[in-house]
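Each remark here refers to the structure printed beneath this line.
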Amino acid sequence: MELPFAESWKIKMIEPMRKSTREEREQWLREADYNVFQLKAEQVYIDCLTDSGTGAMSDRQWAEMMLGDESYAGATSFYKFESVVQKIFGMKYVIPTHQGRAAENVLFSFLVKEGNVIPGNAHFDTTKGHIESRKAKAIDVTNDDAKDTQKVVPFKGNVGLDKLERVLVENKGNVPFMVLTVTNNTVGGQPVSMKNIRETCELCHKHGVPVVMDSARFAENAYFIKTREEGYADKTIKEIALEMYSHVDAMTMSAKKDGVVNMGGFIATNNKEWFEGAKLFCIPFEGYITYGGMSGRDLNALAVGLDENTEYDMLHTRIHQVEYLASKLDEYGIPYQRPAGGHAIFVDADKVLTHVPIEEFPAQTLTCELYLEAGVRGCEIGYILADRDPVTHENRFGGLDLLRLCIARRVYTDNHMNVIAAALKNVYDRRESITRGVAIEWEAPLMRHFTVKLKRL
């Protein structure tokens with residue numbers, strides 16, 4: 001008989017988890033103003049808020065932590081990290097930062113000017129915030145397939161090339177770069193095909209526009225290219241990654257995802273002018289250019305993490321668990337962005353809580369209900385995260401309204417996935433009784449979902 005699937009690692013250390021009562025969770029959620037970001041970690045049973053910095057490091061990574069060189073300048077840890085980045089991505093110039101949004105801040109401080117237009121396959125909130133805070137405009141050029149959560153398309157994260165060309169033509173001379181996010185987090189962790197990467201870059205370069213790849217989950221994207229795109233089945237993840245980056249001009253990365261570390265990020269490019277310009281902002285914002293907000297031990301751990309997580313078995317184990325959770329939701333008839341993404345399941349809240357008006361934020365309401373049901377903390381990727389239009393100040397209700405369930409790397413077992421699925425089923429079974437949502441009582445002008453205060457209606 002064919003052997004069943006099993007993880008490509010074994011457990012070496014555990015961390016206890018506390019279960020809570022429904023009454024406790026009701027009190028805690030009220031005290032958190034119905035914003036799960038404000039919950040304390042010990043108030044959460046299974047944490048699916050994010051996969052950023054929440055993964056479990058390997059024994060090799062922990063060993064490297066002990067070898068970190070904490071020299072302020074020229075640390076051996078930097079050169080070890082730099083060498084790995086150059087090898088995997090083919091980028092000559094590397095600037096470490098403490099995380100992905102820091103990389104955006106440093107690079108965008110040099111590149112983005114007031115009035116600029118920056119297209120992207122779907123800007124995540126931090127990226128959009130860094131653009132809009134500089135009085136520039138972020139425009140999504142997402143392909144139309146992504147709008148239909150029940151449509152099964154292998155590369156839903158792709159750029160809509162016609163939309164992109166329209167933006168480039170209409171804003172000629174005012175587009176400093178394009179952001180290509182792999183995988184596309186905002187539309188459900190959906191991958192971008194190599195064909196689309198190549199065609200997007202060719203189109204941008206034809207119009208004299210460079211491409212910056214937001215690379216938080218580049219390895220998962222490479223895995224999907226290997227398993228879904230013709231001509232790549234026999235290529236290694238590292239070979240695919242190198243080809244992906246051969247088309248773009250620069251990259252930013254939150255290494256807390258596919259680098260499998262608790263803290264870290266970086267910028268990499270072959271453009272010396274961009275490198276020199278970004279350095280000027282790295283030093284005042286992050287620190288000297290050979291540590292950039294990271295300790296030597298973290299640089300060492302990241303070098304190993306990038307190497308480990310660009311191997312097929314590691315990625316297969318990780319993505320298989322996401323697919324397992326998806327199979328349970330299929331069994332229960334719960335709608336989510338199909339096919340399952342690389343790092344998370346994105347439940348379609350508009351299709352679950354059909355009686356909750358969009359003005360009362362169905363995805364945030366579903367997030368609260370799931371926490372109350374079982375202490376599972378997810379994250380709204382929808383109307384609250386979308387922020388307000390910077391011109392009209394109206395809520396942006398045009399996109400998808402999703403509950404994201406991020407799965408931390410190498411942390412939970414499939415039994416935990418069963419709990420998440422059962423809790424969602426319980427909420428789904430009583431969905432008809434949920435007719436009211438939440439209202440905003442206070443919000444920040446940018447990236448409001450982190451700190452927003454809500455009331456239950």
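The values are calculated or read from the model by the stated rules, or taken from the named source; none is laboratory data. Small disclaimer: the values here were computed from a predicted structure and weren't measured. Cβ sites come from the backbone with ideal geometry, for glycine too, and all protein chains shown count toward neighbours.
Here are a few things to note about the model shown:
- Against the criterion of being hydroxyl-bearing (S, T, Y), out of contact with any His (no Cβ under 6 Å at 6 or more places or on another chain), surrounded by 16 or more Cβ atoms within 10 Å (Cβ to Cβ) and at pLDDT 95 or above, Y324 qualifies.
- Test: V187 is at pLDDT 95 or above, assigned by TED's automatic domain parsing to the domain that holds E114 and of a type in the set (V, I, T): no
- Restricting V106, V94 to residues that are aliphatic (A, V, I, L, M) and either in contact with a Ser or Thr (Cβ under 8 Å, 6 or more places away or on another chain) or part of a helix (DSSP H, G or I) (or both) narrows the list to V106.
- Picking from residues in the stretch 140-188 that are assigned to a strand (DSSP E or B) and touching a Leu at 6+ places or on another chain (Cβ under 8 Å), the one that is farthest from G398 (Cα to Cα) is M178.
- Qualifying residue in the stretch 159-181 (condition: farther than 20 Å from P210 by Cβ and modelled with pLDDT of 95 or more): yes
- Helices (runs of 4 or more DSSP H) contained in the stretch 196-305 and holding at least 3 residues within 21 Å of R409 (Cβ to Cβ) and either at pLDDT 95 or above or in contact with a Lys or Arg (Cβ under 6 Å, 6 or more places away or on another chain) (or both): 218-228, 237-245
- When the stretch 14-36 is filtered for residues that are without any contact (Cβ under 8 Å) to a residue 40 or more places away in the chain, assigned to a loop (DSSP other than H, G, I, E, B) and either exposed (fewer than 13 other Cβ atoms within 10 Å of the Cβ) or of a type in the set (K, R) (or both), the ones remaining, listed by number, are I14, E15, P16, R18, T21.
- The test for being in a loop (DSSP other than H, G, I, E, B) and at pLDDT below 95 holds for H123.
- Residue within the stretch 332-339 that is in contact with a helix residue (DSSP H, G or I) (Cβ under 7 Å, 6 or more places away or on another chain), part of a loop (DSSP other than H, G, I, E, B) and more than 17 Å from I240 (Cα to Cα) present: yes
- Scanning the stretch 164-223 for residues that are in contact (Cβ under 8 Å) with a residue 60 or more places away in the chain and surrounded by fewer than 22 Cβ atoms within 10 Å (Cβ to Cβ) yields P176, P210.
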